[in-house]
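> Can you keep this structure in mind? I'll have questions shortly.
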Amino acid sequence: DAGVTQSPTHLIKTRGQHVTLRCSPISGHKSVSWYQQVLGQGPQFIFQYYEKEERGRGNFPDRFSARQFPNYSSELNVNALLLGDSALYLCASSLELHGYTFGSGTRLTVV
Amino acid sequence: GQQVMQIPQYQHVQEGEDFTTYCNSSTTLSNIQWYKQRPGGHPVFLIQLVKSGEVKKQKRLTFQFGEAKKNSSLHITATQTTDVGTYFCAAQRWQTGANNLFFGTGTRLTVIP
């Protein structure tokens, strides 16, 4: 079985641009969560989606948005990129009340 | 959001020594999960604790959940170089329509051969 897949693996963007990150969960997992991890810190919660509905939002500005599709895959969008948005963006999928399986992440660099 | 603090932030041990990391919350938690992240990797789920006072073991790893469900610990016996990485606790407060998982600050373990 394929694990959680994220694309792209690496991305370089310029300040002010927007970016779309993609995530495919493990088959059968209806919950997808997004995290931002800055080097040397723990993952910071951005969004959780379950059955296409937003179930939670972390302390991130409105420039960050996400959605979940009928096949449970998900996209994270970030507008008006800032240098501080440079980070590893992690997607995780899970069954209800179980541990999370993380993808390998998208390394975003904003220059 | 909720805050989950971990101590210590860093730990260097000689191979064969024991290691413990502690996780503390000011609020009652529904569960605790533990993850390991190798350098350059992504978090990997180790275990989930749900019951008050619960203790679980995985080979050399022992996990505990406090009686008040506000703290947890991970203990590694006789560390090996393969134990190197950052250990995170993560917690949820189960509510109707939301069970977001919040990560602690992590403890970075270095094992000196």
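The values are calculated or read from the model by the stated rules, or taken from the named source; none is laboratory data. None of these values were measured; they are calculated from a predicted model. Quick reminder, even Gly has a Cβ in these numbers, built from the backbone with ideal geometry, and neighbours come from all protein chains shown. Ligands, DNA and RNA are stripped out before the accessible areas are found, and what is left, the full protein with its side chains, is counted by its heavy atoms. Shrake-Rupley method; radii C 1.70, N 1.55, O 1.52, S 1.80 Å.
> Cα convex hull of chain B: mean projected area in nm², to one decimal?
If you wrap the Cα atoms of chain B in a convex hull and average its projections, you get 6.9 nm².
> Right, here's the next one. If I model a spin label at A:K13 and B:S30 as a point 7 Å from the Cα along the Cα→Cβ vector, what separation in nanometres do I get?
Modelled inter-label distance: 3.1 nm.
> So how many Lys-Lys pairs in the protein assembly as shown land under 27 Å Cα to Cα, not counting same-chain pairs under 8 apart?
18
> Ballpark to the nearest 100 Å², how much total accessible area do B and A bury together, probe 1.4 Å?
In total, this chain pair buries about 1500 Å².
> Below 8 Å, C-alpha to C-alpha, sequence gap of six or more: please give me the relative contact order for chain B in percent.
Working: 289 pairs, mean separation 41.7, N = 113.
Worked out over chain B, it gives 37 percent.
> Counting only residues 5 or more places away or on other chains, whose amide H sits under 5 Å from the amide H of A:Q17 once H atoms are built in the peptide plane?
A:L81
> Ok, one more. Report the calculated FRET efficiency for A:S27 and A:R67 (r = Cβ-Cβ distance, R0 = 25 Å), to the nearest 0.05. Don't skip to the answer; put the middle values down first.
Working: r = 20 Å, r/R0 = 0.78.
FRET efficiency, A:S27 to A:R67: 0.80.
> Based on the Cβ-Cβ distance from A:N59 to B:E17, what FRET efficiency comes out when R0 is 41 Å, to the nearest 0.05? Walk me through the numbers before you get to the answer.
On the way: r = 38 Å, r/R0 = 0.92.
After rounding to 0.05, the efficiency reads 0.60.
> Separate question: Using each residue's phi in region A:77-89, evaluate 6.51 cos²θ - 1.76 cosθ + 1.60 at θ = phi - 60° and report the 3J(HN,Hα) Karplus result to the nearest Hz, with x for Gly and Pro.
10, 10, 9, 6, 4, 10, 4, x, 7, 4, 5, 8, 9
> Counting only other residues whose beta carbon sits under 9 Å from that of A:Q48, what net charge do I get with K and R as +1, D and E as -1?
Working: positive: A:R55, A:R57; negative: A:E54.
In short, +1.
> Considering only protein heavy atoms, what per residue accessible area in square angstrom results for the protein assembly as shown with a 1.4 angstrom probe?
On the way: 10880 Å² over 224 residues.
Accessible area per residue, the protein assembly as shown: 49 Å².
> Sticking with the crude label model, points 7 Å out along Cα→Cβ, report the distance from B:K59 to A:V111 in nm, one decimal please.
Roughly 4.2 nm, to one decimal.
> Another question about this same structure. Taking the Cα-to-Cβ direction at B:R38 and at A:K52 and moving 7 Å from each Cα, how far apart do the two end points lie in nm?
3.9
> Turning to a different aspect of this structure: Carbon and sulfur: what percent of the protein assembly as shown's accessible surface (1.4 Å probe)? All intermediate terms of the calculation are to be shown ahead of the outcome.
Details: 5430 of 10880 Å².
Looking at the protein assembly as shown in its full context, I get 50 percent from C and S.
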